[in-house]
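To start, the structure under review is shown below, and the notes come after it.
The values are calculated or read from the model by the stated rules, or taken from the named source; none is laboratory data. As the structure is a computational prediction, the values presented were derived from the model and not from experiment. Cβ: placed from backbone, ideal geometry, glycine included. Neighbour counts: every protein chain shown.
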Amino acid sequence: MKKLNLKKLFLYLLIASIAFSSLLGIGVILFGNFGEFEVKILTTALTVTVTSILGLACGAFLETRRGIVLPVCGIILSVAAGILSILFIWNAFGNERFFIRVIFTVTLLAAACSHLSLLSIARLDRKFRWSLYAAYFAVWLLTAILLWIIWIEPRAENELIPRLLGVLSIVIAALTIVTPIFHRLSGNTPKAEEIDAEIAHLKARIEELEKQKAEISNDAH
């Protein structure tokens, strides 16, 4: 049995959802019939697209084998957010504010994990690692504030919250832009422990292939 490749799975879902959305849009333009049912179909396809993008980001970091908790949590949250959103689109929850808050909560957490997973793919020298730590702090702080707004609903008169949201958004955008630059400046030379981890992974893969080969030989006889 082949090992499930989550990155490929999300990639296929992304391609399928984009193709389906494109065909539906072309059909609407040609035939001019865009009712409530078509809107639900299109938003469902777009939801699958977003879920696939978030899952791809986490899957890419997971494949580097430099982190497990963050990308796995991101994948689980992305799938959960997609399922909840599709159920909401098809009126499985009605207009209950509680369920809407739950959907936004899961989606925000999935987006945060996916964003940080992408940034964590970068190999940074020690002198540049502060940017990744700062990104983690800013992203989680922004997520916490947004969740607080969703669930607590603070008074609109408070000017500190929108100012803080604006500052954090600018900081996150700046760190997201400079991370690939720091990655390039770091030289990206693999460290000894990373080489050892790669060797261990390859040995495990060889053992798995040898077992598969032995099973095939036994079946043949």
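Per-structure values
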quantity: From 171, 106, residue being modelled with pLDDT of 95 or more, in a helix (DSSP H, G or I) and farther than 24 Å from residue 72 by Cα; calculated: 171
quantity: Residue list for the range 70-92, restricted to those being polar (S, T, N, Q) and either touching a helix residue (DSSP H, G or I) at 6+ places or on another chain (Cβ under 7 Å) or under 14 Å from residue 110 (Cβ atoms) (or both); calculated: 78, 85
quantity: Failed item, numbered, when residue 104 is tested on (1) hydrophobic (A, V, I, L, M, F, W, C); (2) within 17 Å of residue 71 (Cα to Cα); (3) not assigned by TED's automatic domain parsing to the domain that holds residue 183; calculated: (2)
quantity: Test result for residue 146, outside the structural domain of residue 54 (by TED's automatic domain parsing), surrounded by 14 or more Cβ atoms within 10 Å (Cβ to Cβ), under 19 Å from the mean Cα position of the chain (by Cα) and closer than 15 Å to residue 172 by Cβ; calculated: yes
quantity: Options 88, 99, 37, 93; residue that is over 23 Å from residue 141 (Cβ atoms), in the same structural domain as residue 14 (by TED's automatic domain parsing), not in a helix (DSSP H, G or I) and not aliphatic (A, V, I, L, M); calculated: 93
quantity: Test: residue 129 is of a type outside the set (Val, Ile, Thr) and more than 20 Å from the chain's Cα centre (by Cα); calculated: yes
quantity: Candidate set from the range 197-214 (those that are surrounded by 11 or more Cβ atoms within 10 Å (Cβ to Cβ) and of a type in the set (Asp, Glu)); member that is nearest to residue 64 (Cα to Cα); calculated: 198
